[in-house]
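Note sheet for the following structure.
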Amino acid sequence: MVTMKNVCIVGLGNLGKPLLDEMKKGPYNAVGYDKDPKRTEIPAIPKDADAYFITVLTTDQVADVLNQLPDDRLVVIESTISPDLLKTDVYKRKKAVVFSHRWFETDPGHQFFNQARVMGCAPDVRNEAKAFYEPIYKHRGLDFNKMVHMTDETTAALCKSVENAVRYVEIALAEELRMACDRNGVSFEKLRAAINTKWNINVKEARDGVGGHCLPKDMDIVLGSFVDEHGLFAKAKDVDVRYRKHIKAPRGAVAQ
């Protein structure tokens, strides 16, 4: 029998609201708080929840929420964070679990729990984290141990941002190829289709530049805290800038 727990999701934006809806399916009681009065279900973050989920946008916002939570409760950070946060006193005081989301709203086959994910926490928190999450997965007919890759906090914190930075680089590669095709009178789409017939090659589409919020934000995290600021990842950002200028140029012109 599952011991009933009360959990609170803090931050009800594009990630937090769907997570709240999912958590309300059981096996625990779930409520959501957001500083926006139009979004929040409750007037303040409760001090007596058994566990908290942080789903705000930035690392600074995560740190601010951590400061408002009790030190003796499990805190799950689903937000993508800079690994620098792990060095702060406010993080070290908490029983924290880094469990960055892998979620895309248009892909119901890969939502919060029905896909492989990476969890990181201190050794003394690991058993409590597993005990908390195993009923959540079991309630959905899933095996926690098969779905979740356990690792250290730094690896877990870096994993999500590096995933998105790699995606950014892949798109930048496609953008560079499209600019080369345009300069040489070659059809990018035909070349891409031909290249992608090889089983281990997947050249991405080149559309309107690297868009959305997550990829640019996470690339900045990786550049700011992990990789060489003059290396390949930084050059991918330069390619995207050139590409955006290129696709706005008159037909026949090539942006410099």
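The residue pairs whose first member lies in segment 88-99 and is touching a residue at least 40 places away in the same chain (Cβ under 8 Å), whose second member is surrounded by fewer than 17 Cβ atoms within 10 Å (Cβ to Cβ) and of a type outside the set (Val, Ile, Thr), and whose beta carbons are closer than 8 Å, counting only pairs six or more residues apart or on different chains, are ALA96/ALA122. Among the residues examined, VAL90 does not qualify as of a type in the set (A, V, I, L, M) and surrounded by 20 or more Cβ atoms within 10 Å (Cβ to Cβ). Cβ-Cβ contacts under 8 Å between residues 6 or more apart (or on different chains), taken from a first residue in segment 57-75 that is over 23 Å from LYS217 (Cβ atoms) to a second residue that is part of a helix (DSSP H, G or I), are listed as LEU74/VAL125; LEU74/GLU128; LEU74/ALA129; LEU74/PHE132.
Okay, residues lined up against (1) out of contact with any Cys (no Cβ under 7 Å at 6 or more places or on another chain); (2) of a type outside the set (Lys, Arg); (3) without any contact (Cβ under 8 Å) to a residue 24 or more places away in the chain:
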{"position": "HIS110", "(1), (2), (3)": "yes, yes, yes"}
{"position": "ALA116", "(1), (2), (3)": "yes, yes, no"}
{"position": "GLY120", "(1), (2), (3)": "yes, yes, no"}
{"position": "ASP124", "(1), (2), (3)": "yes, yes, yes"}
{"position": "ALA129", "(1), (2), (3)": "no, yes, no"}
{"position": "PHE144", "(1), (2), (3)": "yes, yes, yes"}
{"position": "MET147", "(1), (2), (3)": "yes, yes, no"}
{"position": "THR151", "(1), (2), (3)": "yes, yes, no"}
{"position": "SER161", "(1), (2), (3)": "yes, yes, no"}
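When you look at LEU191, is it more than 30 Å from ILE81 (Cα to Cα) and assigned to a helix (DSSP H, G or I), yes or no?
Numbers: more than 30 Å from ILE81 (Cα to Cα): yes; assigned to a helix (DSSP H, G or I): yes.
Criteria met by LEU191.
Can you tell me how many residues within segment 2-55 are in a loop (DSSP other than H, G, I, E, B) and of a type in the set (A, V, I, L, M)? Working first, answer last.
Residues of segment 2-55 in a loop (DSSP other than H, G, I, E, B): 2-5, 11-15, 24-28, 34-50, 55.
From what's left, of a type in the set (A, V, I, L, M): 2, 4, 12, 15, 42, 44-45, 49.
Selection size over segment 2-55: 8.
Flag not set for THR40, criterion: among the hydroxyl-bearing types (Ser, Thr, Tyr) and buried (at least 22 other Cβ atoms within 10 Å of the Cβ). Here SER82 fulfils each of the conditions (1) more than 28 Å from PHE226 (Cβ to Cβ); (2) touching a residue at least 12 places away in the same chain (Cβ under 8 Å) apart from (1).
Can you confirm whether segment 184-201 contains a residue that is over 30 Å from LYS25 (Cβ atoms), among the small types (Gly, Ala, Ser) and crowded, with 18+ Cβ neighbours inside 10 Å? Taking every residue of segment 184-201 in turn, none turns out to be over 30 Å from LYS25 (Cβ atoms), among the small types (Gly, Ala, Ser) and crowded, with 18+ Cβ neighbours inside 10 Å. The single residue among CYS159, CYS214, CYS121 that is within 19 Å of ASP238 (Cα to Cα) and not small (Gly, Ala, Ser) turns out to be CYS214. Out of contact with any Pro (no Cβ under 8 Å at 6 or more places or on another chain) and of a type in the set (Val, Ile, Thr): does that describe VAL169? The answer is yes for VAL169.
Restricting the first residue to segment 176-193 and requiring it to be farther than 18 Å from ARG242 by Cα, which pairs with a second residue that is among the acidic types (Asp, Glu) and modelled with pLDDT of 95 or more meet a Cβ separation below 9 Å and a spacing of at least six or different chains? Pairs found: GLU189/GLU205; ARG192/GLU205.
The values are calculated or read from the model by the stated rules, or taken from the named source; none is laboratory data. All values derive from a computational prediction rather than experimental measurement. We place every Cβ from the backbone using ideal geometry, glycine too, and count neighbours over all the protein chains shown.
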